[in-house]
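For reference, the structure is listed below as structure tokens.
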Amino acid sequence: MSSESTLAQTPPMGWNSWNTFGGRINEAVIRETADAMVSTGLKDAGYEYVVIDDLWEADERVEGRLTWDSEIFPNGIPALADYVHDKGLKFGIYSCAGSHTCAGKPASYGYEEVDAQTFAEWGVDFLKYDFCYAPAGVDGPMLYRRMGQALRATGRPILYSLCEWGSHKPWEWGATTGGHMWRTTGDIYDAWESVLDLGFGRQVGLEAYAGPGRWNDPDMLIVGMHGEGNVARGGCTDVEYRSHFSLWCMLAAPLMIGCDVRNMSQATSDILLNTEVIALNQDLLGRQGYKVGSIDWGGEQAQVWAKPLLDGSIAVAMFNLGDMQGRRIAVAWESLGLHDRRPCTVRDLWAHEDLGTFTSSFSARVDSHDVMLVRLTPTTEV
């Protein structure tokens, strides 16, 4: 088995610069972020990639090669990659399948082989590959296959993240390009309606396309942004962040943090470092969760999602998506493929407590925009 084929056997975890910093990125921010990934415990929890998004580039190529903006990266990208690696982390960078990046910098169309080799020489471990300024009439999947081949030819294991926005259903062909994850949606922003749309709305039915080495990506985590950053539009509450994080873990989605990890609140830290919830996302069975059903209370909706796990247990998330407080949501064993007389222990993964042994069904009162996230473990054969 090649080293490249062992990448992303569980959903990638890390941090991306765009949502908070956008064009305000610089060398100090990346170094300080790498430091914080270690000091806050994020690295130990599994977050390993530090990814610079757009606007790291100089305005022009030099002798046909991409290079960095020396004003904001005075020591250069290779030295920065070395710094990140010295922290026990992995380094990621951004380019685009078109002639220019989304922010107008030089991109990789027609330069795929030289850019892939450049990234490999710099010590890059992760490439986010966007889809702006693609030439008219050019086949999008072909552009992604071209860069995928170029990355493989370098001999360096580089995780390949396709940021194609779901335009050409990349879940159907992303793995054939050498991709390890692919965006299924447009950009997320820091508002509950964005979580509802991109998460609860657009991920239903995509579970068949995900598994070890190939993950559906509904975009970065907005946990902890609180309205900050260049794409924020109001900001979620901590309760909404908890529901957002719960769904992304149930979806086996990549967990790419978008907030400023140098200045996390305790609530943000508690969400991002909940190892019991992360364990659902990183479960080695590699199953993406699926929607079991929904409840409509006259326009107020609840949804129940399930995710089978390697040890035979099942993660169940009960979401109150509406504005009504304290609505009771139930899940029946039969909807999960369990015999209705099978006893199951139930553990609340946010409260970190066992709730007891139940048969036939489980229910809980869930407040507005909140979640009850539990792990059901069958105890005996019927």
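Any read-out appearing in this document is the output of simple, stated calculations on the displayed coordinates, not a laboratory observation. Owing to the predicted nature of the structure, the values given are computational and were not obtained by experimental measurement. Don't worry about glycine lacking a Cβ; one is built from the backbone with ideal geometry, like all the others, and counts go over all protein chains shown.
Odds and ends about this structure:
- Number of Lys pairs (Cα under 19 Å; 8 or more positions apart or on different chains) in the chain: 6
- The value obtained for segment 1-141, namely the Cα convex hull volume divided by the number of residues, is 128 Å³ per residue.
- Per-residue ³J(HN,Hα) for segment 164-180, Karplus 6.51 cos²θ - 1.76 cosθ + 1.60, θ = phi - 60°, Hz, x for Gly and Pro: 9, 6, x, 4, 10, 6, x, 4, 7, 9, x, 5, 6, 8, x, x, 9
- Between segment 266-313 and segment 99-162, the alpha-carbon center distance in angstrom: 33
- FRET E, pair LEU355, ASP323, Förster distance 30 Å, beta-carbon r, rounded to 0.05: 0.70
- Shape analysis of segment 290-378 yields a ratio of the Cα radius of gyration to the Kirkwood radius, Rg/Rh, of 0.96.
- Over the chain: helical MRE at 222 nm, DSSP H runs n ≥ 4 each giving -39500 (n - 2.57), nearest 500: -6500 deg cm²/dmol
- Calculated translational diffusion coefficient of segment 165-217 (4 °C, 1.567 mPa s; Stokes-Einstein with Kirkwood radius over alpha-carbon pairs) equals 113 µm²/s.
- 0 to 90° range, to nearest 10: angle between helix 238-250 axis and the chain longest Cα axis: 80
- Sorted largest first, the principal axis extents computed over the alpha-carbon atoms of the chain equal 70, 39, 39 Å.
- Measuring r between the beta carbons of ASP340 and VAL62 and using R0 = 51 Å, the FRET efficiency lands at 0.15.
- By the Cβ distance rule (another cysteine Cβ under 4.7 Å), the unpaired cysteines of the chain are CYS96, CYS163, CYS236, CYS249, CYS259, CYS344.
- For segment 126-266, the Cα gyration tensor yields ellipsoid semi-axes of 28, 16, 15 Å (square root of five times each eigenvalue, largest first, whole Å).
- Per residue convex hull volume, Cα atoms of segment 186-245, in Å³: 90
- Sequence-distant residues sharing a close amide H with GLY289 (under 5 Å, placed H): LEU251, ALA252
- Segment 317-356: C-alpha gyration tensor shape, a/c 1.5 cut-off, then a/b vs b/c: oblate
- Rounded to the nearest Hz, the phi-derived 3J(HN,Hα) couplings of segment 305-317 under the Karplus curve 6.51 cos²θ - 1.76 cosθ + 1.60 (θ = phi - 60°) are 10, 10, 9, x, 10, 4, 7, x, 7, 9, 7, 10, 10, where x marks glycine and proline.
- Overall form of segment 1-56: oblate. Here a/c, set by the Cα gyration tensor axes a ≥ b ≥ c, is 1.5 or more, and a/b is not larger than b/c.
- Highest-first arrangement of 351-358, 65-72, where packing means the average Cβ count within 10 Å: 65-72, 351-358
- Packing-based exposure ordering (other Cβ within 10 Å, fewest first) of ASP217, ASP86: ASP86, ASP217
- Taking a ≥ b ≥ c as the square roots of the eigenvalues of the Cα gyration tensor, segment 218-321 is classed as oblate, since a/c reaches at least 1.5 and a/b does not exceed b/c.
- Rg/Rg_globular for segment 135-194, with Rg_globular taken as 2.2 N^0.38 Å and Rg from C-alpha atoms: 1.26
- Shown in residue order for segment 89-104 are the 3J(HN,Hα) couplings computed by the Karplus curve 6.51 cos²θ - 1.76 cosθ + 1.60 at θ = phi - 60°: 10, 10, 10, x, 9, 10, 8, 9, 6, x, 6, 9, 6, 4, 9, x Hz (x for Gly and Pro).
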